[in-house]
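**Q** Quick one: this structure, given as structure tokens, is what I'll be asking you about.
The values are calculated or read from the model by the stated rules, or taken from the named source; none is laboratory data. In this text, all values refer to a predicted model and were calculated from it rather than measured experimentally. Counting neighbours? That spans all protein chains shown, and the Cβs are built from the backbone with ideal geometry, glycine included.
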Amino acid sequence: MELNFNIVINNLPLFWQATQITLKIAVLAFAFALLIAFIVGVLRSYNIPAIFKLLLSAYVEIFRGTPLLIQLFFIYYGLPSVGIIMDAFTAAVIGLALNGGAYMSESVRASILSVSKGQEEAAYSLGYSKLEAIWHIILPQAFRVAIPPLMNGFSSMLKETSLVSVISITELTRTGNLIYSRTLKPFEVYLALGLFYFIMTFSVVLLAKQIELKEKRWTL
Amino acid sequence: MDVINNLIEIKEIYKSFGDQPVLRGVSLTISAGEILGVIGASGSGKSTLIRCINGLEDIQSGEIIVKGQYMTNRRNSREARKTIGMVFQNFNLFPHFTVLENITNPCRVVKKMNSKNAEIMARTLLQKVKLEDKMYQYPGTLSGGEKQRVAIARALAMEPEIILFDEPTSALDPELAFEVFDTIKLLAEDGLAMVIVSHQIGFIKNLAHRIIFIDDGRISCLGTPEYILNNNNNARLQDFLIRLRENI
Ligand SMILES: Nc1ncnc2c1ncn2[C@@H]1O[C@H](COP(=O)(O)OP(=O)(O)OP(=O)(O)O)[C@@H](O)[C@H]1O
Ligand SMILES: [Mg+2]
């Protein structure tokens, strides 16, 4: 059988359109996931009422303990049964954000716990309030520890957007499937798809390196 | 009230970790400008005592009164901490701030100073501890002695009336310990009250007005350095001193 990469080249405009949708979902979902991870991670690192603690850990465990695919199905196809209806794009962003937020909140929490107790005590001894200590002393140090796992989270999210093709969003993977069924050229099409995803995730790796480098200005 | 004349008054405090008693009825007063040395075996409760004084540890019973104010809750402790500075064994500088920022940040956040005044304050204090040439470096690049001098400058920036030192030199090589001792002497000359926990008897005895010997969670002996080191007939203290000298 002969390989024909013209199929890929001819469909580049389509692929590009689909990539933009993938990126849009990934970036939006990541932004929300970061926000969730930050709030949940910080709250779970400190003494909060037991009921909140329970709720938050239930959220984290449930979203980490079930497949993302089921979560997406549930949000898009299941929730309308109880009157919660949204378009596929919104469902995709919400699903990815809740799932990513659960994982990333654990990274945030671990990074906060990695800052030594002495830092907090030094801040208190100088007269910082709890919130001031968290904001000025703990979080900036935790941030550096959190960068690699969070950027990893972004990378995972980029790849996981391919799952939202199942709720009929014409992002990169679904576009690839459509082009394949039209051309019957799986080798070329899926190789190209893989390449596109790789370019995106590798850019994230490079970006992460840049941020880490900037944070290397101080050591312990 | 007589209480006001004392900077810090500690009445019968009890502190335990779980079911392990650590402080078992400690009473003590510290007056303005006084330098108090604290000695005692490892695990006797020295660190716990000074951590209780500035509210880093809760006590089970007893009273701590700072400038006539009872420390009863977190809010009170925070007020009291403005009077009390603390210098830790392992420095606890903020590694993500430069030396200068280690001082300007608390000045801005806690004392609500503007950036300009905070920087003036920081520069003056860094001059005092002879580290103005390191102010743009990060703590990670400093020697232990330099780190501790920055920590002292940082504590001073809050304009405390007393500083608690928990073994300020025991993480340092002897030659670096001396530069920290010299800095502490400067503070003594300024009349700042201090509580100094240290195993460096030679240093304490020249500086302290009084020394307490803590044994098993109690103040077992209290007096002038002369009395503590030479004239007491406390067997546990004499044991402790002999072992200390042997180790040096
Ligand atoms: N956070 C804690 N949890 C449980 N036990 C503790 C805690 N802090 C201290 N202790 C215990 O309390 C006792 C007194 O400790 P403390 O640190 O006050 O002793 P110390 O006199 O400062 O000793 P050192 O000279 O070794 O510093 C020790 O037995 C210690 O194990
Ligand atoms: Mg100690």
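**Q** Restricting attention to the range B:49-87, which residues are within 22 Å of B:Leu156 (Cα to Cα) and either assigned to a helix (DSSP H, G or I) or in contact with a His (Cβ under 9 Å, 6 or more places away or on another chain) (or both)?
**A** Answer for the range B:49-87, where residues must be within 22 Å of B:Leu156 (Cα to Cα) and either assigned to a helix (DSSP H, G or I) or in contact with a His (Cβ under 9 Å, 6 or more places away or on another chain) (or both): B:Leu49, B:Ile50, B:Arg51, B:Cys52, B:Ile53, B:Arg75, B:Asn76, B:Ser77, B:Arg78, B:Glu79, B:Ala80, B:Arg81.
**Q** Hey, another quick one. Find the residue count for the range B:30-40, including only residues that are more than 7 Å from ligand 1 (Cβ to nearest atom) and under 16 Å from B:Ile219 (Cβ atoms).
**A** Final tally of qualifying residues: 6.
**Q** Kindly establish whether B:Thr72 is surrounded by fewer than 18 Cβ atoms within 10 Å (Cβ to Cβ), more than 14 Å from every other protein chain (Cβ to nearest Cβ), more than 16 Å from ligand 2 (Cβ to nearest atom) and under 18 Å from the mean Cα position of the chain (by Cα).
**A** Against the criterion (surrounded by fewer than 18 Cβ atoms within 10 Å (Cβ to Cβ), more than 14 Å from every other protein chain (Cβ to nearest Cβ), more than 16 Å from ligand 2 (Cβ to nearest atom) and under 18 Å from the mean Cα position of the chain (by Cα)), B:Thr72 does not qualify.
**Q** Same structure again: Residue check: is B:Ser170 within 16 Å of ligand 1 (Cβ to nearest atom) and in a loop (DSSP other than H, G, I, E, B)?
**A** yes
**Q** Separate question: Return yes or no: is B:Val22 within 9 Å of ligand 1 (Cβ to nearest atom), more than 17 Å from B:Ile162 (Cβ to Cβ) and in a strand (DSSP E or B)?
**A** The answer is yes for B:Val22.
**Q** So which pairs qualify, if the first residue must be in the range B:121-149 and without any contact (Cβ under 8 Å) to a residue 12 or more places away in the chain, the second must be part of a loop (DSSP other than H, G, I, E, B) and surrounded by 15 or more Cβ atoms within 10 Å (Cβ to Cβ), the Cβ gap must be under 9 Å, and the two must be at least 6 apart or on different chains?
**A** These pairs meet every condition: B:Thr141/A:Trp218.
**Q** Could you identify the single residue in B:Ser47, B:Ser42 that is within 16 Å of ligand 2 (Cβ to nearest atom), at pLDDT 95 or above, within 27 Å of B:His199 (Cα to Cα) and of a type outside the set (A, V, I, L, M)?
**A** From the options B:Ser47, B:Ser42, the qualifying one is B:Ser47.
**Q** From (1) within 16 Å of ligand 2 (Cβ to nearest atom); (2) crowded, with 19+ Cβ neighbours inside 10 Å, pick out the condition that doesn't hold for B:Met121.
**A** For B:Met121, the failing item is (1).
**Q** Please find, within the range B:114-156, the residue that is nearest to the other protein chains (Cβ to nearest Cβ) out of those that are assigned to a helix (DSSP H, G or I) and polar (S, T, N, Q).
**A** B:Thr141
**Q** Yes or no: the range B:92-102 includes at least one residue that is modelled with pLDDT under 95, more than 10 Å from chain A (Cβ to nearest Cβ) and either in contact with a helix residue (DSSP H, G or I) (Cβ under 9 Å, 6 or more places away or on another chain) or closer than 30 Å to B:Glu175 by Cα (or both).
**A** no
**Q** Scan the range B:222-248 and report the pairs whose first residue is in a helix (DSSP H, G or I) and whose second residue is at pLDDT below 90, with Cβ atoms within less than 8 Å and a gap of 6+ or a chain change.
**A** From the range B:222-248, the pairs are B:Gln238/B:Asn232.
**Q** What are the residues in the range B:197-220 that are more than 13 Å from ligand 1 (Cβ to nearest atom) and either at pLDDT 95 or above or within 14 Å of another protein chain (Cβ to nearest Cβ) (or both), if any?
**A** Residues satisfying the conditions are B:Ala208, B:His209, B:Arg210, B:Ile211.
**Q** Here are the criteria: (1) in a helix (DSSP H, G or I); (2) touching a residue at least 60 places away in the same chain (Cβ under 8 Å); (3) crowded, with 17+ Cβ neighbours inside 10 Å. Tell me which single one A:Ile211 does not satisfy.
**A** Only one criterion in (1) in a helix (DSSP H, G or I); (2) touching a residue at least 60 places away in the same chain (Cβ under 8 Å); (3) crowded, with 17+ Cβ neighbours inside 10 Å is unmet by A:Ile211, namely (3).
**Q** Within the range B:199-212, identify whether any single residue is buried (at least 17 other Cβ atoms within 10 Å of the Cβ), touching a Cys at 6+ places or on another chain (Cβ under 9 Å) and on the phi < 0 side of the Ramachandran plot, and answer yes or no.
**A** Yes, the range B:199-212 has at least one match.
**Q** Assuming A:Phe52 fulfils every condition listed in (1) in contact with a Ser or Thr (Cβ under 9 Å, 6 or more places away or on another chain); (2) more than 16 Å from A:Ser156 (Cβ to Cβ) apart from one, which condition is it?
**A** Among (1) in contact with a Ser or Thr (Cβ under 9 Å, 6 or more places away or on another chain); (2) more than 16 Å from A:Ser156 (Cβ to Cβ), A:Phe52 violates only (1).
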